[in-house]
1. Of the conditions (1) within 10 Å of the ligand (Cβ to nearest atom); (2) more than 30 Å from Asp76 (Cα to Cα); (3) charged (D, E, K, R); (4) open to solvent by 50 Å² or more (accessible area, probe 1.4 Å), Arg252 clears all except one; give me its number.
2. Residue pairs, Cβ under 7 Å, 6 or more apart or interchain, first in region 147-158 and within 13 Å of Thr88 (Cα to Cα) and in contact (Cβ under 8 Å) with a residue 60 or more places away in the chain, second more than 12 Å from the ligand (Cβ to nearest atom) and polar (S, T, N, Q). List them.
3. Tell me yes or no: at least one residue of region 191-203 is touching an Asp or Glu at 6+ places or on another chain (Cβ under 8 Å), touching a residue at least 12 places away in the same chain (Cβ under 8 Å) and open to solvent by less than 30 Å² (accessible area, probe 1.4 Å).
4. Just give me the residues in region 275-289 being more than 9 Å from the ligand (Cβ to nearest atom) and closer than 12 Å to Tyr219 by Cβ, in sequence order.
5. Of all helices (runs of 4 or more DSSP H) completely enclosed by region 202-317, which ones contain at least 1 residues that are under 27 Å from Tyr163 (Cβ atoms)?
6. Provide a single number: the residues in region 270-285 that are open to solvent by less than 40 Å² (accessible area, probe 1.4 Å) and either within 20 Å of Ser130 (Cα to Cα) or modelled with pLDDT under 85 (or both).
7. So for region 176-189 (the condition being at pLDDT 95 or above and of a type in the set (Phe, Trp, Tyr)), does at least one residue qualify?
8. Just checking, how many residues over region 220-236 are within 12 Å of the ligand (Cβ to nearest atom) and closer than 15 Å to Glu92 by Cα?
Amino acid sequence: MKNTLKALSFNILSNTVMKDMPTKIKKQLKQSWLDSSNTETSLFLQTTRSNGYVLPNFITEEDLKSFCTFKTRPGDVFLGSYPKSGTTWLAEIVRCIVKPRSSGKENFVPLFEVADYEQLEALPSPRCISTHLPFALLPHNNENNVKYIYIARNPKDVAVSAYHFFEGIPIFGFKRSRCTWEEFLENFMKGEVPGGSYFDHSLGWWTHKDDDNVLFLKYEELKKDLQSQVKIIAEFLGFHFSDEEAEYVAERCTFQAMKSNSNLPIHKLTKFFKTSHLRKGIVGDWKNHFSDEQLEQFQKLYESRLNGTGLNFEFEV
Ligand code: A3P
């Protein structure tokens, strides 16, 4: 396709299904779309590397510097996760806890990595900032009483969720035919996927699990008993919650409640991603995808990376 025609079709996409995307991502996607006939790589598969961490290509060296030096404010809360671990879920729980107890003005940032810093500056405190960055690459101004909540999920379900999610992103279709589950899993195990190595990411955060300003959560625990986990999160954020208050938030944050809540900002992105951030929301979907051989290889990797670290997961609840 000629470049002018490509640019034109991109502009149509940009003004319709991609309307609500951050400008930065749109620019990168456009470049990638224009370059697509000349290269085999893609925006998400090409990677920036920092401290051994593999990051999506839209993160530049310049960005990495500004992440570390970002001016935090007292009360800022970072909501960290490896992609597809329950980022949206955690953000909604925190929103339901914080919103009625703050000014009511929007103070949530969907993704720190692509945020506009001027807009961030203008948000009222406490800002709640979601991020997929490794712990080490985030700003750490502890004197500002910044808090960090991380949600981890068992890696087999993360791989499955990521496979379905990334195959829905048009950018992959620009460059190559859909990758198979087998190919995707191989890349996931090597850490050559948009979130980088699952194990490096979760262990990087796990090392800080006992810090006073860090709360380390597990997706499977939330599935087992959401109400108790809501109480733990509220307490960590400085709110003492009664059982009734926790129950109220938990009811609004079940998978079904979130799926049918059309006001959730994340639903706006569904058209672009072609797959919902709320797909199945269960523990154990890995059973529908892994072959016996894949399970064996995965288990070896899991044990070699996590044995002795204290970090482990339940694979069914
Ligand atoms: P599945 O693809 O396995 O369904 P993220 O927000 O980090 O992108 O993670 C998305 C995953 O979290 C999806 O997993 C999604 O269904 C699940 N999820 C989102 N909200 C949830 C909820 N309220 N309860 C359970 N799972 C939820």
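The values are calculated or read from the model by the stated rules, or taken from the named source; none is laboratory data. These numbers were taken from a predicted model, which means no experiment stands behind them. Using ideal geometry, Cβ is built from the backbone for each residue, glycine included, and neighbour counts are taken over all protein chains shown. In case anyone asks, the SASA skips ligands and DNA or RNA and just uses the protein heavy atoms, side chains included. Shrake-Rupley method; radii C 1.70, N 1.55, O 1.52, S 1.80 Å.
1. Every listed condition holds for Arg252 apart from (2).
2. Final answer for the pair search is Ala152/Ser202.
3. Looking only at region 191-203, we keep the residues that are touching an Asp or Glu at 6+ places or on another chain (Cβ under 8 Å), and these are 191.
Checking the rest, the ones that are also touching a residue at least 12 places away in the same chain (Cβ under 8 Å) come to 191.
Next, only the ones that are open to solvent by less than 30 Å² (accessible area, probe 1.4 Å) stay: 191.
The answer is yes; a qualifying residue exists.
4. If the condition is that a residue be more than 9 Å from the ligand (Cβ to nearest atom) and closer than 12 Å to Tyr219 by Cβ, then Gly284 is the only one that fits.
5. Details: elements: 219-224, 226-236, 243-252, 255-259, 270-273, 292-306.
Output list reads 219-224, 226-236, 255-259, 270-273, 292-306.
6. So in region 270-285, the residues open to solvent by less than 40 Å² (accessible area, probe 1.4 Å) come out as 272-273, 275-276, 278, 281, 283-285.
Now restrict to residues that are either within 20 Å of Ser130 (Cα to Cα) or modelled with pLDDT under 85 (or both): 272-273, 275-276, 278, 281.
Summing the residues that are open to solvent by less than 40 Å² (accessible area, probe 1.4 Å) and either within 20 Å of Ser130 (Cα to Cα) or modelled with pLDDT under 85 (or both) in region 270-285 gives 6.
7. no
8. 5
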